[in-house]
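Undergrad: My questions all concern the structure below.
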Amino acid sequence: MLLKELSELNGVSSGETAVRHYIHDRIQGRVDRIQTDRLGNLIARRDQGKKGPLVMLSAHMDEVGLMVVGIDASGLLKIKTIGSIDERVLVSKRVLVGPQRIPGVIGAKPIHLQEKEEREHPLKTTSLFVDIGATDRKEAEKDVKIGDLIAFDVQAEAFGDGLFKGKALDDRAGCAVLLNILEKEYSLPLAFAFTVQEEVGLRGATVAAFSVNPDLALVVETTSAGDVPPLKKHQASTRLGAGPAISFMDRSVIVNPALITRLVAVAEKAGIPYQFRESTAGGTEAGAINQTRSGIPVAVISVPCRYIHSPVGVLNLNDLELTVKLIDAFLRDIEQRGLPL
C-alpha cells in the first residue's frame with residue numbers, strides 16, 4: 001500500500017533522502033524531467049507539448065523527529081527536537097537512530113525517583129534521552145554519532161472503519177495524493193514539488209517556488225482534526241470523514257477568495273464532499289510560495305489528521321481519496337476555463 005510504504009520511510013527534516021529516492025523511482029519514466037535541487041527538493045515536470053497556465057502542486061517529504069546532540073558517558077543519547085513536537089508525548093516511544101536505523105527507546109528518570117515538582121510538570125527534552133542498549137559512550141559511538149537524526153519507529157496500517165494510522169502522515173499523505181495525481185493525464189503543464197525542511201521553516205517550498213515560478217500553486221497538506229473529546233463539534237478545526245479541508249487562511253497566508261470560490265464550485269459540481277478548515281493556527285508552504293518572486297497565487301487543500309506532530313497520526317482513507325478527486329476535478333476545470341484569477 002502506497003501510504004504505508006511512504007509512512008514507514010524515515011525522513012526527518014534535512015534527512016529526506018530515502019523518501020526522495022522512493023518517489024524518484026516510482027515516477028521515473030512517467031514525467032518529462034526530474035530535478036533534485038541543491039536543497040534536496042525533488043521537482044518533477046510534465047510540460048512538454050502542454051499549453052496553458054503552469055500549475056505547481058507541492059507536498060513536503062520531511063517529518064518531525066529528533067537529533068542526537070550528545071552522548072553521555074553511560075552510552076545514553078542526548079536529544080533535541082526537529083520541528084514542533086509536544087514533549088509530553090515523547091517518553092517511552094520507540095525510535096530508529098541514524099542511517100543504520102539503530103533501534104532505541106526514549107527514556108527519562110523513573111517517576112518514583114522524581115521529585116514532587118518534577119512530577120507536576122511535563123518532562124522537557126533536556127530531561128529525556130535515547131537508550132540504544134549501549135553500556136558506555138565508546139560502545140554507543142560504534143553505531144551512532146552526534147548529528148544523527150532520529151525517527152519514530154511505527155508500523156503503519158489500516159484499522160477500524162476505514163482509518164489508517166502511522167507516523168509522518170504530515171505530509172506523506174500529501175505525497176501520496178501527488179503520486180496519485182501523477183498517474184493521470186492533463187493538457188496543462190504541471191510541476192510536482194516534493195519539498196524538504198517544511199517542518200523547520202518552509203525552506204524547501206521557498207526554493208522550489210522560486211525555481212518553478214508557476215502561475216498557480218496548490219499545496220497539499222495534512223491538518224489537525226479536532227474531533228476528539230473534550231472538544232465540542234463546533235470547536236473542531238476539521239473532522240475525519242467529512243472530506244478534504246479547504247483553507248481560507250493560516251498563520252502564513254490568506255488565500256485569494258477567488259480560488260476558494262472556484263474550489264467550492266468544482267467540488268459541488270462533482271459531488272465531492274468537502275469542509276473548511278476552521279482554525280487559522282499553524283503555517284503551511286503556501287506562505288512561502290505566495291511571497292515568492294512577484295507573488296504566486298496559492299490554495300491549500302488538506303487531509304484531516306488526528307494527533308498531528310506526534311509519533312502516530314490517524315486519518316480517514318476516504319478523505320485521502322476524495323482529496324485526489326477534488327484536485328483532479330480542479331485541474332480539469334482549469335483546463336476548460338483557465339485560472340480563476
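Quick note: the coordinates plus some simple rules give every number you see, no bench work behind them. Treat the numbers as computed from the prediction; the structure is a model and nothing was measured. Here the Cβ is made from the backbone with ideal geometry for all residues, glycine too, and neighbour counts use every protein chain on show.
Undergrad: With 10 angstrom as the radius, rank E5, E16 by how many other C-beta atoms surround their C-beta, starting from the fewest.
TA: Least to most surrounded, the residues fall as E5, E16.
Undergrad: Take the alpha carbon atoms of the chain, find their radius of gyration, then divide it by 2.2 N^0.38 Å using N residues; give the quotient. It would help to have the intermediate numbers written out before the result.
TA: Details: Rg = 20.8 Å, N = 341, 2.2 N^0.38 = 20.2 Å.
Against the compact-globule rule of thumb, the ratio is 1.03.
Undergrad: Taking one equal scatterer on every alpha-carbon of segment 65-152, how large is log10 of I(q)/I(0) by Debye at q = 0.13, 0.21, 0.26 1/Å?
TA: Results for segment 65-152 at q = 0.13, 0.21, 0.26 Å⁻¹ read -0.39, -0.96, -1.34.
Undergrad: Give or take rounding to whole Å, what are the principal axis extents of the alpha carbon atoms in segment 169-311, in descending order?
TA: Taking max minus min along each principal axis of the Cα atoms, segment 169-311 gives 45, 37, 28 Å.
Undergrad: A further question on this structure: In nm, to one decimal, how far is the modelled label at S84 from the one at H21, with both set 7 Å along Cα→Cβ?
TA: In this crude label model, S84 to H21 measures out at 3.2 nm.
Undergrad: Please work out the Cα center distance from segment 122-151 to segment 312-341, rounded to the nearest Å.
TA: Result: 42 Å between the Cα centres.
Undergrad: How tilted is helix 17-27 with respect to the longest principal axis of the chain? Cα atoms for both, answer in degrees (0 to 90, nearest 10).
TA: Result, in degrees: 30.
Undergrad: Right, here's the next one. Restricting things to alpha carbons, tell me how big segment 123-215 is in terms of Rg and Dmax, in Å.
TA: Calculated on Cα positions, Rg and Dmax stand at 19.6, 61 Å.
Undergrad: Straight-line reach only, C-alpha to C-alpha below 16 angstrom: list the aspartates and glutamates that K269 could link to, leaving out same-chain residues fewer than 8 apart.
TA: Qualifying aspartates and glutamates at Cα under 16 Å: D328, D333, E335.
Undergrad: Would you calculate the volume per residue, in Å³, of the smallest convex hull containing every Cα atom of segment 5-45? Can you show the working numbers first?
TA: Working: hull volume 2.6 nm³, N = 41.
It is 63 Å³ per residue.
Undergrad: Still on this structure, I have one more. Please compute the modelled spin-label separation between N256 and N318, points set 7 Å along Cα→Cβ, answer in nm with one decimal.
TA: Simple spin-label model gives 3.4 nm for this pair.
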